[in-house]
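Report on the following structure.
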Amino acid sequence: SLDLPGGANCGQVSRFGTDVMVACKGYSNVSFNGPGVRETSGLYRVTVMDDGSASVAAMWQPGEDDLVPVWSIVAVDTDKVVGLHLGDFGAGTSDEIVLVDLTAGTATSLWESEGPFSMGQGVWFADEFHVGHAAAETPEVVSVTLEGVETLTNYSDSLPSYSLTTIQN
């Protein structure tokens with residue numbers, strides 16, 4: 001086990017080389033998005049040594065105005081993570097695809113959906129983040145590059161693509 005300073009409800013991971021990115025969704029005993037969630041959420045790059053020991057090499061915790069992209073994380077390189085910031089029905093905010101640069105300490109929105117809780121598990125493939133999006137008129141796959149240029153692929157003639165996955169050997 002490894003202590004992730006300031007993190008709570010940690011568990012989603014994405015590997016890049018020998019490093020592992022870990023997302024902490026935060027915790028509140030009051031409500032889903034209650035006090036303390038933002039303060040205990042974040043992203044951590046953990047370096048794993050050959051002997052199995054591990055240490056936190058970098059971390060990012062959202063500032064007061066930052067989006068919190070800790071869902072469906074994908075490691076793009078050793079310092080960049082793409083993830084989803086889930087919207088909120090009560091606040092009227094939408095899901096967003098966000099690029100976090102742990103070195104620069106920045107979170108940049110790359111694409112915003114049409115509503116909250118409309119995107120599924122994302123994958124990184126061919127230099128693009130692909131995620132199923134169910135809020136559109138017909139289910140689609142949203143593909144976003146790090147530059148923020150999106151392409152929409154309509155899957156209306158096949159099964160809905162809400163959740164994607166990749167296979168590695």
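Read-outs throughout are calculated quantities, based only on the coordinates presented, and are distinct from any laboratory measurement. Keep in mind that what you see is a predicted model, and the values were worked out from it rather than measured. Heads up, the Cβs are rebuilt from the backbone with ideal geometry, glycines too, and the neighbour counts pull from every protein chain shown.
Structure values in brief
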| read-out | value |
| --- | --- |
| Residue-count net charge about residue 28 - beta-carbon cut-off 13 Å; Lys, Arg +1, Asp, Glu -1 | +1 |
| For residue 46, residues with placed amide H under 5 Å, excluding near neighbours | 20, 21, 22, 57 |
| Two-decimal Rg/Rh across the stretch 1-144, once Rg and the Kirkwood Rh are taken from alpha-carbon atoms | 0.97 |
| For the stretch 74-90, 3J(HN,Hα) per residue [Karplus equation, 6.51 cos²θ - 1.76 cosθ + 1.60, θ = phi - 60°, Hz, x = Gly/Pro] | 9, 6, 8, 7, 5, 10, 10, 10, 9, x, 9, 9, 7, x, 9, 4, x |
| ³J(HN,Hα), Karplus 6.51/-1.76/1.60, whole Hz, each residue of the stretch 111-125, x for Gly, Pro | 6, 10, 7, 8, x, x, 6, 10, 10, x, 5, x, 9, 9, 8 |
| Rg/Rh for the stretch 63-129, where both radii come from Cα atoms and Rh is the Kirkwood radius | 0.97 |
| Karplus-derived 3J(HN,Hα), 6.51/-1.76/1.60, for each residue of the stretch 52-61, Hz, glycine and proline x | x, 6, 9, 8, 7, 8, 7, 8, 9, 10 |
